1. When the accessible area of the chain is computed with all protein chains present and a 1.4 Å probe, what percentage of it is carbon and sulfur?
2. Taking a probe of 1.4 Å, how large is the accessible area per residue of the chain, in Å²?
3. Between segment 223-263 and segment 283-333, how far is it from one alpha carbon centroid to the other, in angstrom?
4. What are the DSSP H helices in the chain that stretch 20 Å or more along their long axis, judged by alpha-carbon atoms, and whose average Kyte-Doolittle hydropathy comes to at least 1.6?
5. Taking the alpha-carbon centroid of each part, what is the distance from segment 143-180 to segment 340-410 in angstrom?
6. Divide by every residue of the chain the summed helix terms, -39500 (n - 2.57) for each DSSP H run of at least 4, and state the resulting mean residue ellipticity at 222 nm, rounded to the nearest 500 deg cm²/dmol.
7. List residues of segment 288-315, by number, whose backbone nitrogen lies under 13 Å from a label position 7 Å along Cα→C-beta of Leu235.
8. What FRET efficiency would be calculated for the residue pair Leu54, Ser332, taking the C-beta separation as r and a Förster radius of 41 Å, to the nearest 0.05?
Amino acid sequence: MAAESESGHESKGGGTALSLSALPAWTDPALIPELTEPPQWGLLHEGKLQPMLLVDILARIDEGVGKVQWNGGTERPNVVLVTRPDSTRPVPAVECVELQAAILRRDEALFTKERLNNGLWFYPSLIIAIVASGAFHTVALLPAVLAMNFGASHAESWRALHRLRANPQQYLRDCAAQVRYSIWLSLAGGKAWSRTFAIVALWVVVYVAQYFVPSQPGAVLSGDLAAAALVKASLAAEPWRLLTASMMHGSILHIILNASAMLSLGLLLERGAHRHLVAPVWLVGSLAGSLFSWAATPTTSVGASGGILAVFGFLLVMAHRCRAQLPPGFGSSLVRSLVMIGMLGILAWNVIDNAAHVGGLLAGAALSYGILRAAKDKLPLPNSRPMTIAGRLGEVSLLAIAIFTLVKLL
């Protein structure tokens, strides 16, 4: 991000307007590269231009993306970025006046359908989750996750539909900002290796190793995982369990959920704030989560949730303190996700370590408050020697903990 100018530009009304250099980096129109082809109407998908007539683009919008395929894709690519005859750069489709009416019609129909479908699935899955939490402790997690996902999607569809109908133009502006922020995030990753992917890869390696651990009679977890799990009675003699337990997972569903959450939240932190924050924040959150779990419950536990909730807590505080530099809806989406996490913790209280969640969340929020205050709430955070040292120490520590966990398991 460019340095701030010493003075703002004078507005015509006599007031002082925000200087261009103070605007968030993701708002820069030059962020999207210019085309090498002559300016024309077209659809940009995965970096490739597909020339199309305006009427064909409108028809594609009316068709929608179609059914979701087995690999997570859709029948047709969504109309997100388009090219125009009067611009050398692609622009978000929602910024094109010619396309806005069609986009509003499409989104209203989509949100109405999603609200109905998710609502129909939410209530049965909620009932099943409540019954399972009281009678079938080991299977309570799956229906609780389904209830959380359907409930979150139902609430999000309802809210989006309300915003669209109440103020269509503001809805379009918000969508355009979110598209530009997403593009900036994808470019912010650059060619540098991702800390978030590296952390998840370590979890996967440890989880694969768990399958080579022989099962013991009466074991609490699959295999003899008590060798590195958070066994509360063993902490006095083996305090390293506070961190090794965070490298392990109790089931395939457990690691899938945690990996999905980390890949989403971690990349927001890595690219939106600073890449050197991911490892230290996750480590501090994992430690805090384990300590809270030790203080609140005697049961043995494993999982990376404490660190993940620390990343979440960091982003929550960042969304509040740096809201002027973030797209509309960034903070509110995190708050809704927090409500859903709380709901999941209530529905599956027998299999989820809520104390670890609380500990990680508070630790991440405290780190965010201190770091952003010292950096005067600027995003992304500037490079500095202390930041680099903290990041390197965190990454080396993570690798050492993963290796130590493998040694204890195998």
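The values are calculated or read from the model by the stated rules, or taken from the named source; none is laboratory data. Since the model is a prediction, treat every value here as computed from it, not as a measurement. Cβ placement follows ideal geometry from the backbone for every residue including glycine, while neighbour counts extend to all protein chains displayed. Side chains are part of the model used for accessible areas, which takes the heavy atoms of the whole protein and leaves out ligands, DNA and RNA. Shrake-Rupley method; radii C 1.70, N 1.55, O 1.52, S 1.80 Å.
1. The C+S portion of the solvent-accessible surface of the chain is 65 percent.
2. On the way: 21080 Å² over 410 residues.
Counting only protein heavy atoms, the per-residue value for the chain is 51 Å².
3. First find each Cα centre; the distance between them is then 17 Å.
4. On the way: long enough: 97-135 (56 Å, 0.43); 141-166 (37 Å, 0.28); 168-188 (30 Å, -0.08); 195-210 (23 Å, 1.66); 252-272 (29 Å, 1.36); 278-296 (27 Å, 1.44); 305-321 (24 Å, 1.51); 330-347 (26 Å, 1.73); 354-374 (30 Å, 0.94); 385-409 (36 Å, 1.20).
Those that pass (Cα extent of 20 Å or more, hydropathy at least 1.6) are 195-210, 330-347.
5. Their Cα centres are 28 Å away from one another.
6. Value at 222 nm, helices only: -20000 deg cm²/dmol.
7. 288-302
8. Between Leu54 and Ser332 the formula returns 0.75.
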